[in-house]
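Trainee: Could you have a look at this structure, given as C-alpha cells, before my questions?
The values are calculated or read from the model by the stated rules, or taken from the named source; none is laboratory data. In this text the structure is predicted, and so the values were computed from the model without any measurement. Cβ placement follows ideal geometry from the backbone for every residue including glycine, while neighbour counts extend to all protein chains displayed. Surface areas here come from the heavy atoms of the whole protein model, side chains and all, with no ligands, DNA or RNA. Shrake-Rupley method; radii C 1.70, N 1.55, O 1.52, S 1.80 Å.
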Amino acid sequence: MRCLGIETSCDETAVAVVHGTRLLGQKLASQADLHALFGGVVPEIASREHLRLIHPLTQALFKETGLTAADIDVVAVSRGPGLLGSLLVGLGYAKGFSLAAGKPLVGVDHCLAHLLAASLETDLEFPALGLLVSGGHTQIYILRSPVDFEILGRTLDDAAGEAFDKVAKLVNLPYPGGQYIDRLAMSAEPDPKLFPKPYLDNQNLDFSFSGLKTAVATRVAANPHLRLDRMSGTSQIEANAELAVMLASFNLAVAETLRIKLQRALNRVGKVRSVIVAGGVAANTLVRQFMTEMALENGVNLRMPSPWLCTDNAAMVASAGLQIYCRGFVHDQRLEAVPRGKAVPRDYIQLSRSLCESGPVI
C-alpha cells in the first residue's frame, strides 16, 4: 500500500512516497538560506515558496520513482499545527490530488508524524512515552497506538528549538542556529553553574525555556565580545572560546532539563514498552547522548529517528498517514488546516473496518 505524503507546515516543502514501512522516494526543498536573510522564517515568503515548489517537486518524485497517480493508494498531508498560510498550500494541493485521482485523504497531526517517524527504521512498541522537541513544540506524550495518544506536558512559552534559534540570533550565529550551537557546544567543556536548568522546581511535566533564554541574553549584554560580527566566517566563530563555553553551557541546561522531565514522566506513567524522542532538537548530539543513557538506565527501548528524519520531512507524514488509514480512518474535502497554538482535532471519518489484514502494525 503506497501513501503520498505532503509537508508544508513551516519552511520545508517536501513530498514523499512510502510503501508499508519502506520509503520509496522523497523530494525536499529547504528555504533556510532564504529566511536566513531575515534571521527567521517570514510566513508570507514561506507560503509563496511552497506554492512555487510543491508541484515541480511532486513531478520530480514521480519521475524518480517511476510511479503515477494511479499507483498511489492514499494521500496524507500535514494539517497542523504550523504556519497557516504554509499549511493551506499543502492542504490545497493534497485535496486537489485526492479529488483528481480518486484517492482517500488523511490529514496528519504534524507532531504525531514526528513521533511516528521512527517506524520507517524500526518497529514501534506501544504503549510508548514520547518526547517531541522541536522549533515549535516541546511536549511529552503517552502513545497507546498511532491513533490513541495524550499530551502529558507541554511548553508554557518558548519551545526548546525556538530557544536555540533565539540564542543563536543573540550572538549573530546564522539561521537556523541549532546546528551551529550543537557544533560549538561539542568543542568546549560546559560550565554546569553558568545557567540554571529551567522550570524544574515543580512536580509537573511542562516546560519553560524563556527564562533560560533571558539568562543568556543578560550574559551577552554584559559581555558584548560574545556577540559575533554579522556574516561572520566559520573561523571567527570557532576562535571565540568563551562563546563556545557559553553555548555549551546553554546546550547542557536544555539537554539536562529534557532528560529530567522525561525521567519524571517515565516514573509517573510506569511501565511502557518504548520511549520515543523526535523532532528537530532530537538531532542534537548531547540530547541524543542523554536520552540514550536514560533509556539504558531504565531498561527501556529507545526509538529515536536518524537525524535526517528528525527535521520536517514528508516521509514521516506519509508513514503516519498510512498507519492512520490502515486503522480505518480518513478525512474528506472539509479537512481544515490548524495553525500553531490550536489543538489538532481528531475529526477522522471512520471506515467500516481496518484495512490492515495483518493487524495494527504495518
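Trainee: On a full-extension model of 0.36 nm per residue, what is the gain between Ala69 and Glu121, subtracting their alpha-carbon distance, rounded to one decimal in nm?
Mentor: Result for the pair: 16.1 nm of gain on full extension.
Trainee: Something else: For Ala100 and Arg334, FRET efficiency with R0 = 25 Å and r from the beta-carbon atoms, rounded to 0.05?
Mentor: For R0 = 25 Å, the calculated efficiency reads 0.90.
Trainee: Among 293-306, 114-127, how do they line up by average Cβ neighbours within 10 Å per residue, starting with the highest?
Mentor: On the way: 293-306: 16.2, 114-127: 21.0.
In decreasing order of mean packing, 293-306, 114-127 become 114-127, 293-306.
Trainee: Express in whole angstrom the spacing between the alpha-carbon centres of the range 1-50 and the range 132-171.
Mentor: 19
Trainee: Also, I was wondering about something else. Can you compute the label reach from Gln203? Point 7 Å from Cα along the Cβ direction, backbone N cut-off under 18 Å, restricted to the range 256-272.
Mentor: 261-270
Trainee: Here's a follow-up. For Asn301 and Glu150, what is the calculated FRET efficiency with R₀ set at 22 Å and r taken between the beta-carbons, to the nearest 0.05?
Mentor: According to the calculation, E is roughly 0.60.
Trainee: Here's something else I'd like to know. For the chain, compute the number of Lys pairs whose alpha carbons are separated by less than 18 Å, excluding pairs fewer than 8 positions apart on the same chain.
Mentor: 9
Trainee: At a 1.4 Å probe radius, carbon and sulfur cover how many percent of the accessible area of the range 262-320? Walk me through the numbers before you get to the answer.
Mentor: Values: 1080 of 2190 Å².
About 49 percent, which is the carbon plus sulfur part of the accessible surface.
Trainee: Can you give the calculated 222 nm mean residue ellipticity of the chain, where each DSSP H run of n ≥ 4 adds -39,500 (n - 2.57) and the sum is split over every residue, rounded to the nearest 500 deg cm²/dmol? If you can, show how the numbers build up before the last one.
Mentor: Values: 12 runs with 151 residues, N = 362.
Calculated at 222 nm, the ellipticity per residue is -13000 deg cm²/dmol.
Trainee: Pop a pseudo-label 7 angstrom from the Cα along the beta-carbon direction at both Asn223 and Trp308 and give the gap in nm to one decimal.
Mentor: Here the answer is 3.8 nm between the modelled labels.
Trainee: Then there is this: Pulled fully out, how much extra length does the chain show between Asp157 and Gln289, if you take 0.36 nm times their separation in residues and subtract their Cα-Cα distance?
Mentor: Working: separation 132, 0.36 × 132 = 47.52 nm, distance 2.54 nm.
Computed gain between Asp157 and Gln289 is 45.0 nm.
Trainee: Could you tell me what percent of the DSSP beta bridges with both partners in the range 122-304 are antiparallel, to the nearest 5?
Mentor: DSSP beta bridges in the range 122-304 are roughly 55 percent antiparallel.
Trainee: Nearest 0.05, what FRET efficiency do Ser210 and Gln263 give at R0 = 25 Å with Cβ-Cβ as r?
Mentor: 0.65
Trainee: Continuing with this model, one more query. Counting heavy atoms of the protein chains only and a 1.4 Å probe, report the per residue accessible area for the range 122-304 as a whole number of Å².
Mentor: So the range 122-304 comes to 42 Å² accessible per residue, rounded to a whole number.
Trainee: Related question: Of the accessible area of the range 7-110, with the probe set at 1.4 angstrom, what percent is carbon plus sulfur?
Mentor: Summing carbon and sulfur atoms, their accessible area is 59 percent of the total for the range 7-110.
Trainee: Kyte-Doolittle mean at least -0.5 and Cα extent at least 30 Å along the axis: which DSSP H helices of the chain qualify? Don't skip to the end; give the middle numbers.
Mentor: Working: long enough: 43-65 (31 Å, -0.35); 241-269 (42 Å, 0.66).
Qualifying helices: 43-65, 241-269.
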